[in-house]
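J.: What follows is a single structure, and I will ask about it in a moment.
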Amino acid sequence: MSLDLNQVSVFLAVAEAKSFRLAAERLGVTRSAVSQAIRKMEDRMGVALLQRTTRSVSLTEAGLRLHERVAPAIAEVADALDTARDLPAQPTGQLRLAVSSIAERFISGQLLASFTLAYPGIQLDVTVTDDEFDIVAEGFDAGVRLGEVIEQDMIAVPVSAEQRQVVVAAPSYLERFGAPAHPSELTQHCCIGWRPAPDVAPYRWEFEENGRAFDVAVNPRVTTNDMWVMVRTACAGGGITFGMEELFKPYVTRGELVTLLDAWLPPFPGFFLYFPERRNLPPKLRALIDHARYRTL
């Protein structure tokens, strides 16, 4: 069925005013024009939308259902048109982001550098943190984290492909101590662990076997809150460590590190740019969303 937006606008005006005369005044047309538009719309649909008496106008059941579906959609269109009309040629302003330290591809430099070149009017303020807090209360526009730890009341947009965690060690370590055959054997090895802060327990290494998730408390010999300390210590043969595949990929490619226990480490949903629900996104945030999705997926 073809859509006549003029007739839809007339129908909404009558439905809201409950009067042909008031709807005509609101639209700036004659009462006859309003009546004809409603009649044509009802004829096209083959159903009565309004009940008319000499004193009142009310919606039929079909009219009520149509109004409930159409009114919000037309409001969204109007908002989109207003946003497009008010949108500056280039987004401007400061954009404050709270980004997880393990979102390697997002903070590696290339994405942020290309964004600043594409949008010179936006100033990025990036805080790399693994603390859990309310980004709105702390004054951030958005955050980047793994989807599994994002609050349910946030809007989350994927900005990476699926991710994977890996266990790695240097060939020199494996020559001296051998490789674990199962994640449970990690407790018998020298491990390099990570924790976000001194008062937080070291991160437990997570695995999956036959569809069942489990974790291992490796009791690390070395613990740090710095990913690069983990990498450098592992490359030097100081032990086995665990983290995001993207972090270790260059070292694995060069042969400085070897992955272990791959069968127990399936992929999972990756990183999301998240922000509070808003009726109209600021242009600067919309620009980052579009740029990040294009560059990282």
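The values are calculated or read from the model by the stated rules, or taken from the named source; none is laboratory data. All of these numbers come straight from a predicted model, not from anything done at the bench. Cβ sites come from the backbone with ideal geometry, for glycine too, and all protein chains shown count toward neighbours. Note: accessible area is taken over every heavy atom of the protein model, side chains too, but ligands, DNA and RNA are not part of it. Shrake-Rupley method; radii C 1.70, N 1.55, O 1.52, S 1.80 Å.
J.: Among the residues of segment 178-207, count how many are open to solvent by less than 70 Å² (accessible area, probe 1.4 Å) and either on the phi > 0 side of the Ramachandran plot or not aliphatic (A, V, I, L, M) (or both).
T.: Qualifying residue count for the region: 15.
J.: Further question on the same structure: What are the pairs with Cβ atoms under 6 angstrom where one residue, in segment 100-122, is part of a loop (DSSP other than H, G, I, E, B) and the other, located anywhere, is among the basic types (Lys, Arg)? Sequence gap at least six, or different chains.
T.: Pairs that qualify, where the first residue is part of a loop (DSSP other than H, G, I, E, B) and the partner is among the basic types (Lys, Arg), are 100/145.
J.: Related question: Which number in (1) closer than 29 Å to residue 242 by Cβ; (2) out of contact with any Gly (no Cβ under 8 Å at 6 or more places or on another chain); (3) touching a residue at least 24 places away in the same chain (Cβ under 8 Å) marks the one condition that residue 136 misses?
T.: (1)
J.: Would you mind listing the helices (runs of 4 or more DSSP H) fully within segment 1-47 where at least 3 residues are surrounded by fewer than 18 Cβ atoms within 10 Å (Cβ to Cβ) and touching a residue at least 12 places away in the same chain (Cβ under 8 Å)?
T.: Where helices (runs of 4 or more DSSP H) fall fully within segment 1-47 and carry at least 3 residues being surrounded by fewer than 18 Cβ atoms within 10 Å (Cβ to Cβ) and touching a residue at least 12 places away in the same chain (Cβ under 8 Å), they are 5-17, 31-45.
J.: Return the only residue of 137, 161, 156, 170 being surrounded by 17 or more Cβ atoms within 10 Å (Cβ to Cβ) and modelled with pLDDT under 90. Break it down into steps so the answer makes sense when it comes.
T.: Details: 137 fails: surrounded by 17 or more Cβ atoms within 10 Å (Cβ to Cβ); 161 fails: surrounded by 17 or more Cβ atoms within 10 Å (Cβ to Cβ); 170 fails: modelled with pLDDT under 90.
None of the other options fit; the residue is 156.
J.: Another question about this same structure. Consider segment 139-163. How many of its residues are assigned to a loop (DSSP other than H, G, I, E, B) and out of contact with any strand residue (DSSP E or B) (no Cβ under 7 Å at 6 or more places or on another chain)? Show your work before the answer.
T.: Quick first cut of segment 139-163, residues assigned to a loop (DSSP other than H, G, I, E, B) only: 139-141, 150-153, 159-162.
When the remaining residues are screened for being out of contact with any strand residue (DSSP E or B) (no Cβ under 7 Å at 6 or more places or on another chain), the result is 151-153, 161.
Qualifying residue count, segment 139-163: 4.
J.: Quick test for you: out of 241, 259, 223, pick the one residue that is in contact with a strand residue (DSSP E or B) (Cβ under 7 Å, 6 or more places away or on another chain), closer than 16 Å to residue 203 by Cβ, touching a residue at least 60 places away in the same chain (Cβ under 8 Å) and part of a strand (DSSP E or B).
T.: 241
J.: Here's a follow-up. Please go through segment 106-129 and give me each residue that is modelled with pLDDT under 85 and touching a strand residue (DSSP E or B) at 6+ places or on another chain (Cβ under 8 Å), ordered by number.
T.: If the condition is that a residue be modelled with pLDDT under 85 and touching a strand residue (DSSP E or B) at 6+ places or on another chain (Cβ under 8 Å), then 106, 107 are the ones that fit.
J.: Let me ask something additional. Determine whether residue 225 is open to solvent by 10 Å² or more (accessible area, probe 1.4 Å) and at positive phi. Break it down stepwise before answering.
T.: Numbers: open to solvent by 10 Å² or more (accessible area, probe 1.4 Å): yes; at positive phi: no.
Here the answer is no, as residue 225 does not meet what is asked.
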